[in-house]
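Below is one structure; the comments refer to it alone.
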Amino acid sequence: MEGIKILLVLMVYLFSIKDTACAITKIEKKINFQGVIKDSKKRRITEVAISYNLEDGFTGGNGNIPFTVEVKNNGYFKFELPDIGRPLNFNMSIQSPDEFLGTLIDYYAESGDNIEVLWKIGELNKDTVEFSGQGSGKYNLITTLQNQFWRDKKTLGEINILTFKDSLDLAYKLDCYSKLTKDFEANKVHKLEMVKYVSPIIKNLIQVEFARYYDDWAFIIELLYIKNSNFRRQISQHYLEHTNEFFYSPGIIHRMCRLYLYSLADRIKLNMLIGKQANAVNVVSYYNLLKKSFDGVITDRLLGSFTFNKFILVNLEPFSPKVMDSLIADAENSVKTSNIKQAISKVLRTKSGTKLLSSSFIDLNNDEIYTNSLEGKVVLIDVWFLGCSGCAQFHKMFENEVYPFLKKNKSFVILSVNIDKKLENWKMGIKSNLYTSDDYINVTTGNGLNHPFINYYNIKGGPYLMLIDVNGYIYSRLDPIQAVDLKYMSRLVKDAMIRRIISK
């Protein structure tokens, strides 16, 4: 165990050194990829974007390393990933200056992989991806399982379980949905068992992280439970009859399974909802249960998920920024995993009542806009980038459901901060009206993520939202779900105008 710790420390050290600062020659193992993209419509495909995470995705973007590689005129591309001595999660997407062409599902790369990719884009942007070369078996297996999962999801959708006539119809649909879920999962497990060319460790990861039938089942149950108060006892009884069967208990290997552990955190909340027969659960009680349900690195990752994955915070009773700050401070003290602890400590820089870091950005006239020049107004800071589907979804909902009412308040402004490296991408995003509005104060960092404000607040992507009070103090970090709730946002903006932090 001590040897493993030393190895991990050495790996973190190696990947934290800047090339220009290293005077000695390092021999670093690489995982090699090369491929060809074939597009039936012959569109302009200029880059492949790759993103991998050295810290398994539980540190709010820390450890996430994105980069792009050029696609030649003949569709050829190549790239390398670091060989860190254990499975490395990564994903790829195709970049076109004309349109978004789709993203591949995540994969796990391993030591010794030497992969060739044949990526075909058909009609309606339907992708066919084939892998060959050393280590390609697991990539094709993940693709096969995930494609089957989406076909099975379509079959499950035909049950139309969210719409039912009465108790008998609900019982029938619940039974059908659960039976198919059980059959589909059994089929997945059988395929995993039959494969001989994938290591047991990778099989274990794939089983919980891909084609997640059990997690989908729990998600549907939660939707049914929340939307149908008159049938909650029936839905709860069905859930309790199947939940132990439709669940994989976490082991230490699953520390690398981000989506599985996000769903585990949500399953804990679902258990609380059903146990209390409640509409929502108390955030403090939920946090405390996350702390004590499991041990060691799994608990650390659950607390990391609680801190960084705001979608976990749905179906909770209303809570104030002050309460959340206290829980995040407790998480920082409780977590033992150093990288998660360090990432959580950076979140506390956005603690309510903290003075906003004085910063400047560039506007469309190439003039500098200083954050302190906005004091006297309540400011919603919205960070986005071109191609960010979550940013576009947030903007659409905010523009339709919240902004028409808030814009009447002349003391409220939106500082729309773009983090694209290329100015043309920023301007293209503004022109599209998908991410921002001409009513906002549109600015850019001028250099992507390499900006004092972005670095200080550890912003790794979008949408990133922060509400600033009239005196330039941070009122609250916001998640997109909160920010599209008109009643909630109206309350926050009103209170931020008088510098009063909501407390319960």
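Since every read-out is calculated from the coordinates, none of them should be taken as a lab result. The model shown is predicted, which means the values in this text are computed figures rather than measured ones. Here the Cβ is made from the backbone with ideal geometry for all residues, glycine too, and neighbour counts use every protein chain on show.
Measuring nothing but how far apart in sequence close Cα pairs (under 8 Å, 6+ apart) lie, relative to its length, the chain scores a relative contact order of 11 percent. Helical content alone sets the calculated 222 nm signal of the chain at -13500 deg cm²/dmol, taking -39,500 (n - 2.57) per DSSP H segment of four or more residues and averaging over every residue. Going by neighbour counts of Cβ atoms within 10 Å, the residues TYR440, TYR488 line up, fewest first, as TYR488, TYR440. Shape class for segment 143-208: prolate, because the ratio a/c of the largest to smallest gyration tensor axis (alpha-carbon atoms, square roots of eigenvalues) is 1.5 or more and a/b beats b/c. Tell me whether segment 82-220 comes out rounded, prolate or oblate; compute the Cα gyration tensor, take square roots of the eigenvalues as a ≥ b ≥ c, and use a/c under 1.5 as the rounded threshold. It comes out oblate by the Cα gyration axes. Among 207-219, 359-371, sorting by the average number of other beta carbon atoms lying within 10 angstrom of each residue, highest first, gives 207-219, 359-371. Taking a ≥ b ≥ c as the square roots of the eigenvalues of the Cα gyration tensor, an a/c ratio below 1.5 marks the chain as rounded.
Seen from ILE340, the other residues with C-beta closer than 14 Å to its C-beta sum to a net charge of +2, counting Lys and Arg as +1 and Asp and Glu as -1.
Within the straight-line cut-off of under 25 Å between alpha carbons, the lysines reachable from LYS407 are LYS355, LYS377, LYS396, LYS427, LYS431, LYS487, LYS494, sequence neighbours fewer than 8 places apart in one chain being disregarded.
Hydrophobic, long helices, defined as DSSP H runs whose alpha-carbon span along the helix axis is 20 Å or greater and whose mean Kyte-Doolittle value is at least 1.0, occur in the chain at 2-16. With neighbour counts taken as other beta-carbon atoms within 10 Å, the residues TYR286, TYR473 rank, fewest first, as TYR473, TYR286. Assuming charge only on the beta carbon of Lys and Arg (+1) and of Asp and Glu (-1), the dipole of segment 30-135 about its Cα centre is about 420 debye to the nearest 20. For CYS388, no residue whose modelled amide H falls within less than 5 Å of its own remains once neighbours fewer than 5 places apart on the same chain are excluded. Taking 0.36 nm per residue of separation and subtracting the Cα-Cα distance, full extension of the segment from PHE219 to LEU118 would add 33.0 nm. Ranked by how many other Cβ atoms sit within 10 Å of their own Cβ, fewest first, the residues ILE474, ILE498 fall in the order ILE498, ILE474. Computed about its Cα centre, the charge dipole of the chain is approximately 660 debye, with only Lys, Arg, Asp and Glu carrying charge at their Cβ.
In the chain, a dipole from Cβ-located charges (positive for Lys and Arg, negative for Asp and Glu) runs towards its positive end, and of ASN244, GLY112, VAL470 it is VAL470 whose Cα lies farthest in that direction.
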